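The values are calculated or read from the model by the stated rules, or taken from the named source; none is laboratory data. Being a predicted model, the structure only gives us computed values, none of them experimental. Every residue, glycine as well, gets a Cβ built from its backbone with ideal geometry; the counts of neighbours run over all protein chains shown. The accessibility values were calculated without ligands, DNA or RNA, using every heavy atom of the protein model including side chains. Shrake-Rupley method; radii C 1.70, N 1.55, O 1.52, S 1.80 Å.
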Amino acid sequence: MGIIIKPIVTEKMTVQGEKLNRYGFIVDRHANKIEIKDAVEQMYNVTVADVNTLNYHGKKKSRYTKAGMLRGRENHYKKAYVTLAGEDKIDFYSNI
């Protein structure tokens with residue numbers, strides 16, 4: 001599996017992409033900023049100015065069912081916010 005798992009396509013990230021030239025990705029939990037920068041530059045042919053990362057720890061969930069209480073948790077993952085240099089843009093909708 002590669003470094004970039006999937007892009008984050010939400011209203012908030014779409015606005016940041018238009019105004020601040022910043023895009024979000026869910027990435028491999030063991031990837032560092034340099035690896036993320038190289039992966040984005042190779043995949044989208046852009047120049048990356050800055051990379052910010054954060055680790056998201058999955059929340060515990062529980063629900064009541066006929067069989068009793070079920071417990072579990074969401075998966076842990078890592079987000080990367082990538083700021084592009086200059087007038088570079090990433091178009092996630094071009095392949096649709």
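Here are the numbers for the structure shown:
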quantity: The range 16-36: number of residues that are among the charged types (D, E, K, R) and over 22 Å from His76 (Cβ atoms); calculated: 3
quantity: Any hit, the range 43-66, residues being farther than 23 Å from Gly86 by Cα, of a type in the set (Lys, Arg) and out of contact with any strand residue (DSSP E or B) (no Cβ under 8 Å at 6 or more places or on another chain); calculated: yes
quantity: Residues of the range 37-96 that turn out to be among the hydroxyl-bearing types (Ser, Thr, Tyr), loosely packed, with under 10 Cβ neighbours inside 10 Å and either in contact with a Lys or Arg (Cβ under 8 Å, 6 or more places away or on another chain) or closer than 20 Å to Thr14 by Cβ (or both), as a count; calculated: 3
quantity: Members of the range 1-36 that are among the aliphatic types (A, V, I, L, M), farther than 14 Å from Leu84 by Cα and either open to solvent by less than 30 Å² (accessible area, probe 1.4 Å) or outside any helix (DSSP H, G or I) (or both); calculated: Met1, Ile3, Ile4, Ile5, Ile8, Val9, Ile26, Val27, Ala31
